[in-house]
Each structure stands twice: as structure tokens, then as C-alpha cells.
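Everything below concerns the one structure shown next.
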Amino acid sequence: MVFNDGDFVKVDYSAWRIADNKLIYTTSKKMAQDNGIYDEEGRYVPQLIVLGRRHAIKGVEDAIKAMSVNEVKKFEIEPKDAFGERDQALVKVMPIADFRRREIDPYPGMQLDIDGTPAMVKSVNSGRVTVDANHPFAGERLLYEIKVLAKLDKDEDKIKAVAEMYALSPDSVTVDGDKVRVSFGEKIKKDSKYLINKNDFVTMTMSYMDKIAKITVEEDYVRSKEEEKKE
């Protein structure tokens, strides 16, 4: 099977930095724990990749397009097909006073947003702060191991998979031509995180699936037993 742009493909994968053989990402919780990169807030589940939508780096997309369901492939990716070469112009030295004025105490490894661009503090000394806006793995050769788990063909399955990307699990998804109805029942906590994820889910579903013209979201809000007791 050869996959094409627009296909929805579910994969498991792990990635290593070749320079030091360090695991940098995996969909396997056990592998993350065994390699000391486990994040309690991370989600270790199969990943959805929508081909041709810059959902993954070029080297990964190119490899998947030549694979079949249930196939496992291990391959190296050069920087140009991964996160690009390092750009020295993205490394800046800033006065520490700029940070103090914003009540920020910079330290090496701190993640920042500078004029809308993600960056990392590399060093702090002599009143100066070196900030790097390159991707953390820019200039790195990477090793990937990927297993293709499934190709999603039904629109309902595609929409559920996009929802899962945002930690959402719809009670139901109904597709009628170019119209979609999605239901989130009372089992899903309707907090601020849910509202953000729901908005992203709707936006990305419309982006990935050109045929969809309208998405209706149904939500159930139920008074908690604790609230009932207070009354």
C-alpha cells in the first residue's frame, strides 16, 4: 500500500538523536520511563498523521508514504528533512535588564516567547542573556522507528482521531454529507482546557477535511452532586 497526501494514518513511533543515541520522543510510555524522559502530563498513545498537511517532518511523511499497514521501518533523517539546519541569526544576546523589566528571572533551559517566536535561554552571564530561537533539534541527524497501525477511511473515524489529538473523546460523531454533528456528554469535564481543546479540534477538523462545511457540537452540562448539596 502506498499512502497519499490527505490520508489519515495512525502510527506508533520513537525518535533518537544520532549524535548521542538519546531517545527524544516516543509514543510508548514504558520506553519513555525506561529512558528517563517520561512526562506525567504527556500522552503516550498512537499518533495521527494527516499526510501533506505538515503534520510531521518531511522525512517522516516521505517514509510513511512508502509503507503499508502493520509495517515497521527504522531509518535515519538528515537535518534538511527533519528540523532544518541551525541558523546562527536566530541566536541573540539580550541585556538581562530587558528581562528584569518584565519581571522575568532567566535561567539556562527556560522556554520563552519572543515576539511570537518560541525560544530557549542558553546562558546567563555578565548581565547578558543568550537566547536561541532555533528548534531544539535543528542541525541534528535523527533516527526514527515507525510502525503504521492503520489508515482511516471513514469520516467518522477521522473526526474521532482528530478529537483524540486534543484529549477529547466524543460520545458520538455523525456525518451527513458535508455536515457533522459531534456530541460531548457529561463524562467529559467542561473546564477551560476542554474549551480550548474543543476549539482547536473544530478548527483542525475543518482544516484537514475540505469536504466539511459545518460542524455542530452538542454538549451536556450537569450539576455536580457537590453543588446540589450546597443548595
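Quick note: the coordinates plus some simple rules give every number you see, no bench work behind them. This is a predicted model, so every value here is computed, not measured. All Cβ positions, glycine included, derive from the backbone under ideal geometry; neighbour counts span all protein chains shown.
Within the chain, what percent of beta bridges assigned by DSSP are antiparallel, to the nearest 5? If I count the DSSP bridges inside the chain, around 90 percent turn out antiparallel.
Backbone geometry of the range 115-123 corresponds, through the Karplus equation with coefficients 6.51, -1.76 and 1.60 at θ = phi - 60°, to 3J(HN,Hα) couplings of 6, x, 10, x, 8, 10, 6, 8, 7 Hz, x marking Gly and Pro.
Think of each Lys and Arg Cβ as +1 and each Asp and Glu Cβ as -1; about the Cα centre, that makes the dipole of the range 88-132 roughly 160 debye.
Helical runs (DSSP H, four residues minimum) scored at -39500 (n - 2.57) apiece and divided by the length of the chain put the mean residue ellipticity at 222 nm at -6500 deg cm²/dmol. The equivalent ellipsoid that matches the C-alpha gyration tensor of the chain spans semi-axes of 35, 28, 17 angstrom, in descending order. Looking at the square roots a ≥ b ≥ c of the eigenvalues of the Cα gyration tensor of the range 57-143, which shape do they give, rounded for a/c under 1.5, prolate if a/b is larger than b/c, or oblate? Prolate, because a/c is 1.5 or more and a/b exceeds b/c. Label separation (residue 94 vs residue 186): 4.8 nm, computed from points 7 Å beyond Cα along the C-beta direction. Shown for 87, 176: other C-beta atoms within 10 Å of each C-beta, ranked fewest to most, produce the order 176, 87. In terms of other Cβ atoms within 10 Å, 3, 75, 8 run from fewest to most in the order 75, 3, 8. Where both bridge residues fall in the range 154-222, DSSP classifies roughly 45% of the beta bridges as antiparallel. Computed extension gain for residue 21 through residue 125, at 0.36 nm per residue and net of the alpha carbon distance, reaches 34.4 nm. Label sites at residue 69 and residue 86, each approximated as a point 7 angstrom past Cα along Cα to Cβ, lie 4.4 nm apart.
Within the shell of other residues whose beta carbon sits under 13 angstrom from the beta carbon of residue 188, the net charge comes to -2, with Lys and Arg scored +1 and Asp and Glu -1.
In a reduced charge model with +1 at each Lys and Arg Cβ and -1 at each Asp and Glu Cβ, the range 1-87 shows a dipole moment near 140 debye about its Cα centre. For the range 62-93 and the range 129-191, write down the distance between their C-alpha centroids in whole Å. Taking the Cα centre of each part, the range 62-93 and the range 129-191 sit 20 Å apart. Note that the range 154-222, at 20 °C in a medium of 1.002 mPa s, gets a Stokes-Einstein diffusion coefficient of 179 µm²/s from its Kirkwood radius over C-alpha pairs. Compared with the alpha-carbon gap, the fully stretched path from residue 4 to residue 218 is longer by 73.8 nm at 0.36 nm per residue.
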